[in-house]
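Asks: Structure provided below as structure tokens; questions to follow.
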Amino acid sequence: MTLDINAIRADFPILSRILPNGKQLVYFDNAATSQKPQCVIDEMTRYYENYNSNAHRANHTLADEATTALENARKEIALFFGTKPENLIYTSGATEAINLVSYGWARYNLKEGDVIVLTEMEHHADIVPWQELSKEKGIEVRYVPIDNETYTLDMDAFEVAVEDASLVCVTHTSNVLGIRNPIEQIIQMSKNSGARVLLDCAQGAPHEKISFSDLGADFIAISAHKMAGPTGIGCLLVSSERIDEMGPFMTGGSMIRKVTTDGSTFQKGHAMFETGTPRIAEAIGWGAAVEWLSQFNMKDIHDHIHKIASWTGEEMKKIPGIKIYGDPTNKNSSGAVSFLHETIQSQDLAFLLDQGGFAVRTGHHCAQPLMDALGVPSTNRASFWIYNTQEEVESFIEHLTDVCKRFS
Amino acid sequence: MEDASWPSHLSPIIEEFKDCFDSMERYELLFEYAKKHPSPLPLDEWNEENQVLGCQSRAHVKCSLDENGFFLLRAGADAQIVQGLMSITAMAVNGMLPIEVARLTPKYVEEMGLKSSLTPSRANGFLNMFNRVISEAEVLSEG
């Protein structure tokens with residue numbers, strides 16, 4: 001089914017924004033964060049205006065309404081990701097979700113000499129927690145390299161690395177290259193080796209239907225804000241087997257069963273990991289985002305994004321001096337197109353694109369090992385989502401061509 | 001200084017930027033100024049001590065007094081926009097007393113129509129370098 005992009009755009013008030021320099025905003029920084037539809041903004045406002053209260057604590061009407069909304073959002077989000085509410089732990093985002101696996105599972109279940117397999121493609125959020133754990137417990141961390149020609153993972157190297165691994169942590173889709181990894185194969189190979197699998201789906205979830213039960217991973221980390229939800233909320237999806245192996249990460253109120261001056265006992269399941277006042281408005285907002293997204297087929301969203309990313313990548317290649325990092329034409333690639341100009345420094349290029357109203361990301365994208373593998377300090381990145389149009393990318397190419405002519 | 005914000009010899013440069021047709025023309029002019037740095041810091045002198053930290057570009061600043069006790073700003077950046085702004089800043093502050101430099105504000109950048117270079121989100125670029133110059137000028141004026 002073809003998406004009605006104009007109708008979709010009408011749901012996002014920010015997209016009609018005129019910037020201070022008089023230019024129409026063209027938002028191509030979706031891999032950093034997506035914009036929010038009006039229904040998400042409205043649901044969060046409705047909570048604050050009508051039933052703002054703490055959840056899971058009191059018996060008054062507002063508290064009941066807040067608790068019900070928080071838990072209904074959990075049901076809706078869990079359903080969207082093909083799992084049950086009891087397998088969904090709210091976190092602040094994918095970063096906290098990965099740290100939760102590190103602190104709440106790995107520290108209780110891994111020991112000195114165990115092996116964790118990462119890839120060169122990982123975001124720092126999926127590297128630094130494991131480096132810290134490695135220092136603390138004497139765990140070996142292995143990195144699967146990328147092939148610099150195809151920008152894909154070296155699966156032969158993965159096969160060797162996973163052989164005696166205890167845990168495999170891999171990104172579903174690279175935030176820099178837009179490359180979607182062969183996660184089904186990675187999960188299968190990891191299982192065959194007896195390794196547990198953590199998928200970082202921060203970039204994957206906005207681009208394809210993630211089904212936790214179908215994939216069979218042990219852990220999946222997701223951020224809401226890249227898929228139309230608010231910032232400050234995300235989740236860790238955990239299999240029932242693994243959640244039973246987990247121990248407390250952060251401690252305090254709500255996660256306890258009983259506290260005495262002699263010590264404490266803890267709740268079971270997701271409650272053990274959701275201490276303190278929950279992110280109630282954010283969870284409700286994410287629930288609204290998931291409901292909004294559910295009206296579409298994620299395959300249609302992927303196809304739309306892939307079409308404009310692929311076209312943009314091909315057109316950019318025609319501009320003298322531009323080099324693309326990744327392969328936007330790959331049918332599995334998401335909407336991230338990383339590029340550099342041979343003489344215009346990336347930060348300068350981002351400034352100059354901003355003069356035309358184009359919001360792109362610049363920097364190492366929290367993926368310095370990948371930058372090292374690519375042999376560059378940073379890239380520019382245009383990343384597209386459901387509301388971006390062919391007209392926008394055409395005007396982008398026109399502006400980029402002009403910038404390259406004038407400033408190189 | 002005729003104004004507390006910038007020295008008088010900077011005014012013709014500011015006027016040059018004000019005469020630009022649009023922001024793209026202003027940035028073209030800024031790229032030209034990046035090539036005219038009166039006291040660039042060569043690459044082989046870029047080190048951790050003089051690096052201004054930031055994640056998007058490399059920038060280095062070295063402030064000292066010349067043989068007559070006047071301020072000398074040497075700077076280098078891989079981003080031409082930052083280098084251009086530092087070039088103009090060097091044109092402004094070189095030859096001034098450190099105490100005068102310490103009183104400088106980046107208002108001249110705003111006046112040139114390049115206000116976006118001063119927003120906190122760009123702090124890893126020019127604004128951090130400017131703040132470094134001011135704090136080094138404060139130290140040099142005390143010495």
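Read-outs: derived from the displayed coordinates by stated rules, not from any lab. It should be emphasised that the depicted structure is a prediction, and the values quoted were computed from it without experimental measurement. As a convention, Cβ positions derive from the backbone with ideal geometry for all residues, glycine included, and neighbour counts pool all protein chains shown.
Asks: With +1 on each Lys and Arg Cβ and -1 on each Asp and Glu Cβ, and nothing else charged, work out how big the dipole of segment A:223-363 is about its Cα centre, in Debye to the nearest 20.
Replies: 80 debye
Asks: Related question: Near the amide H of A:Ser383, under 5 Å away, which other amide H atoms are found, from residues 5 or more places off or on another chain, if H is placed in the peptide plane?
Replies: Distant-sequence amide H within range of A:Ser383: A:Asp29, A:Asn30, A:Ala31, A:Val337, A:Arg361.
Asks: How many angstrom separate the Cα center of segment A:359-408 from the Cα center of segment A:165-197?
Replies: The distance from the Cα centre of segment A:359-408 to that of segment A:165-197 comes to 27 Å.
Asks: Give the Kirkwood hydrodynamic radius (Å, one decimal) of segment B:1-80, defined as one over the mean of 1/r across all pairs of different Cα atoms.
Replies: 14.8 Å
Asks: Please compute the Kirkwood hydrodynamic radius over segment A:196-287, one decimal place, Å, based on all pairs of different Cα atoms.
Replies: 14.7 Å
Asks: Above 26 Å lies some portion of the pair distances; for chain B, what is it as a whole percent of all C-alpha pairs?
Replies: 17 percent
Asks: Of the candidates A:Cys366, A:Cys201, A:Cys235, which one comes out as most mobile in a Gaussian network treatment of chain A with C-alpha springs shorter than 10 Å?
Replies: Of A:Cys366, A:Cys201, A:Cys235, the Gaussian network model singles out A:Cys366 as fluctuating most.
Asks: So for segment A:4-92, Kirkwood radius off the Cα pairs, Stokes-Einstein at 25 °C and 0.890 mPa s: how many µm² s⁻¹?
Replies: Answer, rounded: 154 µm²/s.
Asks: So how tilted is helix A:280-293 from the main axis of chain A? Cα-based, degrees 0 to 90, rounded to 10.
Replies: 50 degrees
Asks: Once Rh for segment A:43-87 is found with the Kirkwood sum over Cα pairs, what is the Stokes-Einstein diffusion coefficient at 37 °C and 0.692 mPa s, in µm²/s?
Replies: It comes out at roughly 295 µm²/s.
Asks: Residue by residue, what Karplus-based ³J(HN,Hα) values in Hz, rounded to whole numbers, does segment A:87-104 have, using 6.51, -1.76 and 1.60 with θ = phi - 60° and x for Gly and Pro?
Replies: 9, 10, 9, 5, 9, 7, x, 5, 4, 5, 4, 5, 4, 5, 5, 5, 7, x
Asks: Now for a separate question. Give the relative contact order (percent, whole number) for segment B:8-142; include only Cα pairs under 8 Å separated by 6+ residues.
Replies: 28 percent
Asks: Per-residue ellipticity at 222 nm for the protein assembly as shown, helices alone: DSSP H runs ≥ 4 residues times -39500 (n - 2.57), over residue total, nearest 500 deg cm²/dmol?
Replies: -11000 deg cm²/dmol
Asks: Count, for each residue of B:15-27, the Cβ atoms from other chains sitting within 10 Å of its Cβ, then give me the mean as a whole number.
Replies: Per residue, the number of nearby Cβ atoms from other chains is 2 on average.
Asks: While we're here: Can you pull the mean other chain C-beta count within 10 Å for peptide A:307-314?
Replies: Going residue by residue through A:307-314 and averaging, the value is 0.
Asks: So if I take the alpha carbon set of chain A, get Rg, then get Rh from the Kirkwood formula, what is the Rg over Rh ratio?
Replies: Looking at chain A, the ratio lands at 0.98.
Asks: Sort the following peptides by mean Cβ neighbour count (other Cβ atoms within 10 Å, averaged over residues), highest first: A:15-26, A:370-381.
Replies: Highest to lowest by the protection proxy: A:370-381, A:15-26.
Asks: Residues of B:77-87, mean number of Cβ from any other protein chain within 10 Å of their own Cβ, rounded to a whole number?
Replies: Mean shielding count: 4.
Asks: A follow-up question, please. If you take every residue apart from A:Val144 with its C-beta less than 10 Å away from the C-beta of A:Val144, what net charge results, scoring Lys and Arg +1 and Asp and Glu -1?
Replies: -4
Asks: Go through A:326-334, A:175-183, A:6-14 and give me the packing order, highest mean Cβ count within 10 Å leading.
Replies: Per-residue mean Cβ counts within 10 Å order the peptides as A:175-183, A:326-334, A:6-14.
Asks: What order do you get for A:Tyr143, A:Tyr325 when you list them from fewest to most C-beta neighbours inside 10 Å?
Replies: By the 10 Å Cβ count, ascending: A:Tyr143, A:Tyr325.
Asks: Just to be sure I understand the curve: with the Debye formula and one point per C-alpha of segment A:127-261, what is log10 I(q)/I(0) at q = 0.09, 0.15, 0.16, 0.17 Å⁻¹?
Replies: -0.32, -0.85, -0.96, -1.07
Asks: Using a Cα-Cα cut-off of under 20 Å, which lysines could be cross-linked to A:Lys405, ignoring same-chain neighbours fewer than 8 residues away?
Replies: Within reach: A:Lys317, A:Lys318, A:Lys323, B:Lys35.
Asks: A further question follows. Let me know the Kirkwood hydrodynamic radius for segment A:118-194, please, with Cα pairs as the basis and the value in Å to one decimal.
Replies: After inverting the pairwise mean of 1/r, the radius is 12.9 Å.
Asks: Here's something else I'd like to know. Using a Gaussian network model on chain A with a 10 Å cutoff between Cα atoms, which of A:Thr67, A:Thr251, A:Thr33 fluctuates the most?
Replies: Per the Cα network of chain A with a 10 Å cutoff, A:Thr251 tops the list.
Asks: Mind checking the angle between helix A:183-192 and chain A's longest principal axis? C-alpha axes, 0 to 90 degrees, to the nearest 10.
Replies: It works out to around 40 degrees.
Asks: Counting only other residues whose beta carbon sits under 14 Å from that of B:Gly95, what net charge do I get with K and R as +1, D and E as -1?
Replies: -2
Asks: With a cut-off of 8 Å between alpha carbons and a minimum separation of six or more residues, what is the relative contact order of segment A:41-293 in percent?
Replies: Result for segment A:41-293 is 25 percent.
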